[in-house]
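Below: one structure, written as structure tokens.
Every read-out reported here was derived from the displayed coordinates using simple, explicitly stated rules and does not represent laboratory data. Bear in mind the structure is a predicted one, so any value in this text is a computation, not a measurement. Please note: Cβ atoms are built from the backbone with ideal geometry, for glycine as well, and neighbour counts cover all protein chains shown.
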Amino acid sequence: MLDPLSLAVGAGLLAAGWVCGRFVPRRRTGSARKLTARCGCGHDLALHDRSTGTCHAESSRRGTHGLREWVQCNCRRYTGPTPLEDVFSPPILPPDN
Ligand SMILES: [Zn+2]
Ligand SMILES: [Zn+2]
């Protein structure tokens, strides 16, 4: 059962996350182009296990009864680029202008 309040809270959280994502500065001097460490499965490098390479991301889909079920990504190995400085989470800096 979903009541309108928790729906609104969920939507608010989604919006906040989206806004945060939008305002994270994408450009830093000299390293503008290599911030997309994205695997062929469409998930971030950070979501892949560093030792086994399997993807920990989960995606939701509608199950047979209309219920949402979560399935783990079936990616077994990260295939995207490996930007060294982005393996560790980059600091979030405010835009300086
Ligand atoms: Zn992957
Ligand atoms: Zn994946």
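Structure above, values below:
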read-out	value
Sites residue 16 and residue 36, calculated FRET efficiency, Cβ-Cβ separation with R0 30 Å, nearest 0.05	0.85
Contour excess over end-to-end distance, with Cα ends at residue 72 and residue 52 and 0.36 nm allotted per residue	5.7 nm
Förster radius 35 Å - calculated FRET efficiency between residue 93 and residue 59, Cβ distance, rounded to 0.05	0.70
Global form of the range 38-87, assessed from the alpha-carbon gyration tensor, a/c cut-off 1.5	prolate
Charge context of residue 52, other residues only, Cβ under 12 angstrom, K/R +1, D/E -1	+2
